[in-house]
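Data block below; observations after.
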Amino acid sequence: MGDAVSSHVVALLAKELNDALAGKHLQKIQQVGENTFKATFSAPKIDVIIEPGRRMHVTNYDVTAPEKASQISMFLRKHIGGKRVERVYQHENDRIIVFDFNGFLLITEFFSHGNFVLVDGAGVIQFTFRKEEWKDRKIAKGEKYLFPSNAGGKIKEVFSPITKEDVEKKGVNSALDDFYSSIRVENPKVTKLKNRLAAQEASFSEFQRLADDERTKGDLLYSNYAEVGKIIELGSCKSGSKVKGKRVSLDLN
């Protein structure tokens, strides 16, 4: 998808979001993946998936959230939970979509690695998903938020999964939602637990192998019980011992 079309799609997405959300209240925001959030707006319920640098769209699919809210989610709820959406808009012609919560701006950047920034009424950053710094711009808590002088250029991955035909047929939100619904968003804690389980399974397999080796040796001893008994009677059960000038050995391999 070319730059001009991509810029046009960002504008269409912002308009679709504004039409759907303006006047609604943010009920809650949840972190449903390492870099992914779900914002739920009031009746009728609308869920919006936000993944800075990659995607943003209304979803009609069930996206499971963890039972315990992340610190980021709790912070955002404290500041903008229950607030009314005044409007959703694209900043100028940039790869930036802004949610205006009547005193707070929730800004999603789709350039570079992407970012998710909460700015108060004085323009001061209260939260940023990533701390970043350029020659003329610094994104960090307590800093004045400055929109980039030029965030133009190619939108790398944000809207690459959809085509112009998808947009014309379904609209941006539905096209993105249909594409990403097939990609499972996994909570980072679940990923960590899966990695731990995989490590435990690997350890168990090693213990099982060692147990099988010891069982094999035991079976060999049992099957050679008579010979072992003779060795014991001769006063030695060690492989390589000498008894009456003769070398006695028992191969258990």
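Is there a residue in segment 140-149 that is modelled with pLDDT under 90 and within 22 Å of K38 (Cα to Cα)?
Checked segment 140-149: no residue is modelled with pLDDT under 90 and within 22 Å of K38 (Cα to Cα).
Within segment 112-137, count every residue that is within 20 Å of A11 (Cα to Cα) and crowded, with 20+ Cβ neighbours inside 10 Å.
3
Just to be sure I understand, how many residues within segment 60-81 are in a loop (DSSP other than H, G, I, E, B) and modelled with pLDDT of 95 or more?
1
I need every pair where a residue in segment 1-14 that is within 10 Å of N93 (Cα to Cα) and among the aliphatic types (A, V, I, L, M) has its Cβ under 8 Å from the Cβ of a residue that is at pLDDT below 85 and surrounded by fewer than 17 Cβ atoms within 10 Å (Cβ to Cβ), sequence separation at least 6 or different chains.
Listed by first residue and then by second, the contacts come to A11/N93.
Suppose we keep only residues that are of a type in the set (S, T, N, Q) and over 24 Å from the mean Cα position of the chain (by Cα) within segment 64-113. Which one would you say is nearest to S181 (Cα to Cα)?
Q90
Go through E67, E92, E86 for me and flag whichever is touching a residue at least 60 places away in the same chain (Cβ under 8 Å) and in the same structural domain as K144 (by TED's automatic domain parsing).
From the options E67, E92, E86, the qualifying one is E86.
Sort out which residues of segment 86-127 are part of a loop (DSSP other than H, G, I, E, B) and either within 16 Å of H57 (Cα to Cα) or charged (D, E, K, R) (or both), and write them in order of number.
Across segment 86-127, the qualifying residues are E86, E92, D94, R95, F110, G114, D120.
Report yes if I49 is at pLDDT 90 or above, crowded, with 21+ Cβ neighbours inside 10 Å and β-branched (V, I, T), otherwise no.
So I49 fits the description; yes.
From the residues in segment 138-149 that are part of a strand (DSSP E or B) and touching a residue at least 12 places away in the same chain (Cβ under 8 Å), which one is surrounded by the most Cβ atoms within 10 Å (Cβ to Cβ)?
Residue satisfying both the conditions and the ranking: I139.
Name the single residue that is surrounded by the fewest Cβ atoms within 10 Å (Cβ to Cβ) among those in segment 52-63 being of a type outside the set (A, V, I, L, M, F, W, C) and under 15 Å from the mean Cα position of the chain (by Cα).
The qualifying residue surrounded by the fewest Cβ atoms within 10 Å (Cβ to Cβ) is R54.
The values are calculated or read from the model by the stated rules, or taken from the named source; none is laboratory data. Predicted model only: the values in this text are computed from it and were never measured. All Cβ positions, even for glycine, are placed from backbone atoms using ideal geometry, and neighbour counts span all protein chains on display.
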